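See below for the structure under consideration.
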Amino acid sequence: MPQKNPGLALYDLAGQLGVGIGEACDRAGIARSTPPRWKQGSVPRPQQVAKLRRAILAIAASRGDGASAPTAAEQVLADVETIKAAALRIEAILRRSA
């Protein structure tokens with residue numbers, strides 16, 4: 001079963017919380033042109049996923065939209081997803097170099 005691009009999951013999260021991806025990019029220090037490339041199939045760097053996720057949650061929390069900082073369990077799950085994404089990138093690089 002193919003894994004969902006973790007960058008695309010951030011679009012879902014932002015939509016659920018009413019946060020614009022562009023606004024989150026600004027807060028995370030990520031170029032606004034980066035997330036649209038994920039929609040076109042580019043795989044995001046794990047650090048970008050983590051930064052953007054934190055920015056989305058922080059913006060939602062600052063607005064008092066009922067969102068709060070992630071629990072320890074949520075953070076562990078997010079870290080696992082980040083590690084999986086990194087492993088997939090390494091795997092793809094190794095396949096290309098073989």
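Throughout, read-outs are computed from the coordinates displayed, never taken from laboratory work. In this text, all values refer to a predicted model and were calculated from it rather than measured experimentally. Backbone-built Cβ (ideal geometry, glycine too); neighbour counts: all protein chains shown.
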Q: Rounded to whole Hz and in sequence order, give me ³J(HN,Hα) for region 38-55 from the Karplus expression 6.51 cos²θ - 1.76 cosθ + 1.60, θ = phi - 60°, writing x for Gly and Pro.
A: 5, 5, 8, x, 5, 8, x, 6, x, 5, 5, 4, 5, 4, 5, 4, 4, 5
Q: Only Lys, Arg, Asp and Glu count, each charged at its Cβ (+1, +1, -1, -1), so figure out the dipole size of region 6-97 about its Cα centre, rounded to 20 debye.
A: 440
Q) Residue by residue through region 84-97, which ³J(HN,Hα) values in whole Hz follow from phi under the Karplus form 6.51 cos²θ - 1.76 cosθ + 1.60 (θ = phi - 60°), with glycine and proline marked x? A) 4, 4, 5, 5, 5, 5, 5, 4, 5, 5, 5, 5, 5, 7
Q. Can you give me the pair-distance distribution of region 1-51, C-alpha pairs, 5 Å bins, whole percents?
A. 4, 20, 34, 28, 10, 2, 1
Q.
On alpha carbon coordinates alone, what is the Rg over Rh value for region 6-97, Rh being the Kirkwood radius?
A. 1.00
Q: Starting from the Cα-Cα distance between residue 92 and residue 42, subtract it from 0.36 nm times their residue separation and give me the gain in nm to one decimal.
A: 16.8 nm
